[in-house]
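Let me begin by presenting the structure, written as structure tokens, before commenting on it.
The values are calculated or read from the model by the stated rules, or taken from the named source; none is laboratory data. Everything quoted here is computed from the prediction, not taken from an experiment. As a convention, Cβ positions derive from the backbone with ideal geometry for all residues, glycine included, and neighbour counts pool all protein chains shown. Side chains are part of the model used for accessible areas, which takes the heavy atoms of the whole protein and leaves out ligands, DNA and RNA. Shrake-Rupley method; radii C 1.70, N 1.55, O 1.52, S 1.80 Å.
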Amino acid sequence: MPRKDRLLERCCLILLAWALAEGSVRAQGPAPESAVAAPPILFVPGTSGSFLTFSNGSVYWLDSDALLQQTVSQGMLSPSGDDTGVQVLQPGEVLDSVRVVLPASVKSELERIGLMPTDKPLHHLPVYAPFLDWARKTFGPSAVYLAPYDWRKGAGHASSQRIDSVVDEALAKTGAKKVVLLAHSLGGLVCRDYIAGAGKGKVDALISVGTPWLGAPKSARGLEWGYNFGVGFTTKPTPFLPKLYWYVIDPANPGKPIRQEPPFRLTFLPNEATAGLARNFPCVYQQLPTADLQRLYGKPFLFGLSPEASLSHLRDKNPALYDESQTWRKDHLKDDNFGVAHYAIAGLCDSKGDPGDFQDMQMALPGNDHLTTVDSGGLRDVLNRRVIKERRRVFTEIQSRRIPVFLDEFIAMDTDVDWGDGTSPLLSATASAQRRANEPLDPSAAEKYLGTGVKVAVLALEPPYSHGTLLNDPAIRQEVLRTYSERRAASGLGVDPRAEDVAVMTLELTTKAGDVTNGTVESVSVQIAGADFETNNHFFQNGAFWSDPLSSGATAKYFYHGPMRRDPATGVMRALRRSDLPGTVLRLTKAGFSKWTGAGVRLLIDGRPVVERKEEFVLSAFNRSLEIPIP
């Protein structure tokens with residue numbers, strides 16, 4: 001066959017094959033749809049959690065140079081809570097990591113009057129960078145979207161528009177049908193507003209972390225006396241200013257005044273200016289402590305006033321915004337989940353923590369200096385008067401030298417010592433009500449205030465406690481992972497196997513109250529689900545030389561991050577899983593020969609107690625081990 005004919009034949013065969021293939025495809029119909037896309041995660045920050053910029057691109061919030069130049073008033077909103085007649089600011093990126101730096105000249109001036117600022121970076125605002133890095137690594141960079149907004153305006157049309165644009169972008173890029181909203185603090189209120197309006201049909205679930213559903217005391221403080229919005233820093237003593245302490249009354253235990261220090265906290269923001277700002281910020285009114293919250297606590301957040309009277313007093317600051325916020329609460333925080341799964345995560349602080357750790361339990365004290373005395377004519381009364389005198393001297397010196405910083409308000413931490421909650425005031429309030437009634441702590445009591453179908457997770461936090469860094473706590477992060485895994489499963493994608501892993505295991509050991517023996521300097525080992533762990537420290541009840549001295553009635557805590565165990569089937573080391581624990585035992589074994597009397601053992605897995613023993617026990621040369629079944 002001639003070469004030309006062979007080429008022609010090949011071309012015909014190729015065309016025939018293509019035609020047959022095309023016909024086959026058409027006969028089969030359209031190609032099947034791709035697998036269901038996992039819902040993307042949309043992160044919505046809280047108060048102060050987004051940069052705010054001027055029209056020329058320069059930063060208003062947060063820029064320490066601008067604050068030092070006292071331009072804070074440029075962030076004012078109109079009395080109606082909008083941009084009418086005022087400088088317009090645009091939301092920038094989510095506030096990831098920002099340092100507020102004190103110039104050397106200012107630091108030198110402060111030292112001249114006896115105040116020594118700390119050497120570390122003076123303050124980190126609620127920093128989201130560590131959490132966002134974790135989220136992108138855990139869920140994938142293409143699965144996490146950020147929705148910054150103008151937090152001054154709180155929940156409302158402007159914020160919903162910002163969120164909606166990011167939601168549409170996420171759905172378009174991923175092909176998913178709905179998103180999962182992950183909100184911190186005020187972001188939960190903003191998301192609830194969005195779900196009820198522009199977000200209908202676009203949201204699969206809301207995961208709120210530390211959202212003040214019944215308000216937060218610090219909002220009342222902001223309206224009454226101003227608020228530093230987190231831009232503050234402490235000082236340490238110098239030879240010119242001896243270390244001073246001041247005393248306040250703990251409402252939960254009036255017979256035991258709280259000693260707090262240092263007495264001087266400075267801020268870049270003048271109290272009068274921030275009070276003026278707060279009175280025109282809708283976000284402040286939306287987060288005022290409600291009458292329900294104050295009744296649960298058993299005391300109002302403005303001294304000498306009933307819950308209703310305290311709210312009436314705050315209403316006078318801006319009646320229109322106050323009434324608008326109350327109407328908004330009734331419409332958007334009612335007993336209705338709008339067809340969206342809602343997971344509310346709250347953090348429970350150390351039951352024996354420093355009162356200064358309870359970030360949301362702040363109450364301003366009465367009097368011109370917002371400082372109260374404890375007893376008439378006593379030593380503490382004398383010490384408090386000395387603090388007031390030094391405070392006034394420092395205040396005068398700062399003004400006369402024109403140093404661009406301000407003396408922050410004195411604040412007393414209103415704490416329930418046994419059940420302090422530094423991240424969600426609602427939880428602490430319900431615990432306070434239970435305590436007054438001599439009832440055991442029941443975190444589920446908070447659920448009735450959040451609406452039907454809301455799942456509340458109350459997790460013990462690892463110190464130090466901070467509302468702004470709540471999302472950096474390992475137990476909180478693991479709860480976010482488990483919750484998102486549940487939403488994946490609901491979408492037909494199956495669970496994330498990492499959701500079963502234990503992120504942090506906490507062991508608490510308590511000595512017997514009244515035990516005056518020397519205790520033990522021998523270490524105690526721990527075995528859980530067949531895996532061995534060391535307590536890493538020795539016990540010594542009267543000792544200042546040991547890192548965990550256990551005095552009478554004291555509790556030592558040990559945190560194990562990412563605990564591992566050997567898989568019984570394969571012999572390979574792997575992460576400890578929650579499913580490994582039920583049916584096994586917690587075994588404590590003490591080395592050496594001395595006796596140690598214990599009064600309690602608690603084991604927590606990712607912030608949830610799984611073992612709690614309050615009966616007394618003794619570890620000694622004759623009884624070295626204690627075994628407690630894990631249900």
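Please work out if G562 is buried (at least 19 other Cβ atoms within 10 Å of the Cβ), under 17 Å from M505 (Cβ atoms) and either in contact with a helix residue (DSSP H, G or I) (Cβ under 8 Å, 6 or more places away or on another chain) or not aromatic (F, W, Y) (or both).
Working: buried (at least 19 other Cβ atoms within 10 Å of the Cβ): no; under 17 Å from M505 (Cβ atoms): yes; either in contact with a helix residue (DSSP H, G or I) (Cβ under 8 Å, 6 or more places away or on another chain) or not aromatic (F, W, Y) (or both): yes.
No, not satisfied.
Return the total of residues in segment 171-202 being touching a Pro at 6+ places or on another chain (Cβ under 9 Å) and surrounded by fewer than 24 Cβ atoms within 10 Å (Cβ to Cβ).
So the count comes out to 6.
Yes or no, residue by residue, for (1) modelled with pLDDT under 90; (2) surrounded by 23 or more Cβ atoms within 10 Å (Cβ to Cβ):
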position: P289; (1), (2): yes, yes
position: P307; (1), (2): yes, no
position: D316; (1), (2): no, no
position: A320; (1), (2): no, no
position: E324; (1), (2): no, no
position: H332; (1), (2): yes, no
position: A341; (1), (2): no, no
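Look through G46, G81, G57 and report the one residue that is modelled with pLDDT of 70 or more, in contact with a strand residue (DSSP E or B) (Cβ under 6 Å, 6 or more places away or on another chain) and open to solvent by less than 70 Å² (accessible area, probe 1.4 Å).
Working: G81 fails: in contact with a strand residue (DSSP E or B) (Cβ under 6 Å, 6 or more places away or on another chain); G57 fails: in contact with a strand residue (DSSP E or B) (Cβ under 6 Å, 6 or more places away or on another chain).
Checking each option against the conditions leaves just G46.
Yes/no matrix, rows are residues, columns are (1) over 18 Å from V180 (Cβ atoms); (2) modelled with pLDDT under 85:
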| site | (1), (2) |
| --- | --- |
| L427 | yes, yes |
| S432 | yes, yes |
| L441 | yes, yes |
| E447 | yes, yes |
| A457 | no, no |
| D473 | yes, no |
| Y484 | no, no |
| D496 | no, no |
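Can you work out which of the residues in segment 140-156 that are in a helix (DSSP H, G or I) and out of contact with any Asp or Glu (no Cβ under 9 Å at 6 or more places or on another chain) is surrounded by the fewest Cβ atoms within 10 Å (Cβ to Cβ)? If you could, list the steps in order and put the result at the bottom.
Taking segment 140-156 and keeping what is in a helix (DSSP H, G or I), we get 141-143, 151-153.
With out of contact with any Asp or Glu (no Cβ under 9 Å at 6 or more places or on another chain) added as a condition, the list becomes 141-143, 151-152.
On the way: P141: 8, S142: 11, A143: 19, W151: 26, R152: 27.
Filtering segment 140-156 for residues that are in a helix (DSSP H, G or I) and out of contact with any Asp or Glu (no Cβ under 9 Å at 6 or more places or on another chain), the one surrounded by the fewest Cβ atoms within 10 Å (Cβ to Cβ) comes out as P141.
Looking at (1) within 20 Å of T53 (Cα to Cα); (2) open to solvent by less than 40 Å² (accessible area, probe 1.4 Å), which is the one condition that is false for Q161?
Going through the list (1) within 20 Å of T53 (Cα to Cα); (2) open to solvent by less than 40 Å² (accessible area, probe 1.4 Å), Q161 breaks only (2).
Quick one: in segment 87-104, which of the residues that are among the β-branched types (V, I, T) and open to solvent by 40 Å² or more (accessible area, probe 1.4 Å) is nearest to F268 (Cα to Cα)? Outline the logic, then answer.
Within segment 87-104, the first condition is being among the β-branched types (V, I, T), and the residues that meet it are 88, 94, 98, 100-101.
From the residues that got through so far, the ones that are open to solvent by 40 Å² or more (accessible area, probe 1.4 Å) too are 88, 101.
Details: V88: 22, V101: 10 Å.
Looking at the filtered set, the residue picked out is V101.
Quick one: which residue in Y149, Y145 is aromatic (F, W, Y), under 25 Å from G451 (Cβ atoms) and modelled with pLDDT of 95 or more? Talk me through it step by step, then tell me what you get.
Details: Y145 fails: under 25 Å from G451 (Cβ atoms).
Unique residue meeting the criteria: Y149.
Provide a single number: the residues in segment 576-631 that are modelled with pLDDT of 90 or more, over 29 Å from the mean Cα position of the chain (by Cα) and β-branched (V, I, T).
Count: 4.
I'm trying to understand the selection: among the residues of segment 194-253, which are modelled with pLDDT under 65, touching a strand residue (DSSP E or B) at 6+ places or on another chain (Cβ under 9 Å), over 22 Å from G114 (Cα atoms) and of a type in the set (A, V, I, L, M, F, W, C)?
Passing the criteria: V248, I249.
Residue check: is N271 farther than 21 Å from K448 by Cα and either at pLDDT 85 or above or of a type in the set (D, E) (or both)?
Spelling it out, it is not the case that N271 is farther than 21 Å from K448 by Cα and either at pLDDT 85 or above or of a type in the set (D, E) (or both).
Which of the residues spanning segment 588-600 are assigned to a strand (DSSP E or B) and either surrounded by fewer than 20 Cβ atoms within 10 Å (Cβ to Cβ) or polar (S, T, N, Q) (or both)? Let's see the steps before the verdict.
Initially, segment 588-600 is screened for residues assigned to a strand (DSSP E or B), giving 588-590, 596-600.
Selection gives T589, T597, G600.
Is there any pair with a first residue in segment 391-416 that is β-branched (V, I, T) and a second that is open to solvent by 10 Å² or more (accessible area, probe 1.4 Å) and modelled with pLDDT under 65 whose Cβ atoms are under 6 Å apart and which are 6 or more apart or on different chains, and what are they?
Cβ pairs passing all conditions: I411/Q362; T415/P355.
Under 6 Å by Cβ, and 6 or more places apart or on different chains, what pairs join a residue from segment 315-329 that is closer than 15 Å to A291 by Cα with one that is open to solvent by less than 60 Å² (accessible area, probe 1.4 Å)?
Here the result reads R315/Y322; Y322/Y285; S325/Y285; S325/Q286, each pair linking segment 315-329 to a residue that is open to solvent by less than 60 Å² (accessible area, probe 1.4 Å).
Got at least one residue in segment 602-621 being closer than 16 Å to S525 by Cβ, assigned to a loop (DSSP other than H, G, I, E, B) and open to solvent by 30 Å² or more (accessible area, probe 1.4 Å)?
yes
If we keep just the residues of segment 501-530 that are under 14 Å from D580 (Cα atoms) and surrounded by fewer than 17 Cβ atoms within 10 Å (Cβ to Cβ), which is modelled with the highest pLDDT?
So, considering only residues that are under 14 Å from D580 (Cα atoms) and surrounded by fewer than 17 Cβ atoms within 10 Å (Cβ to Cβ), the one modelled with the highest pLDDT is Q527.
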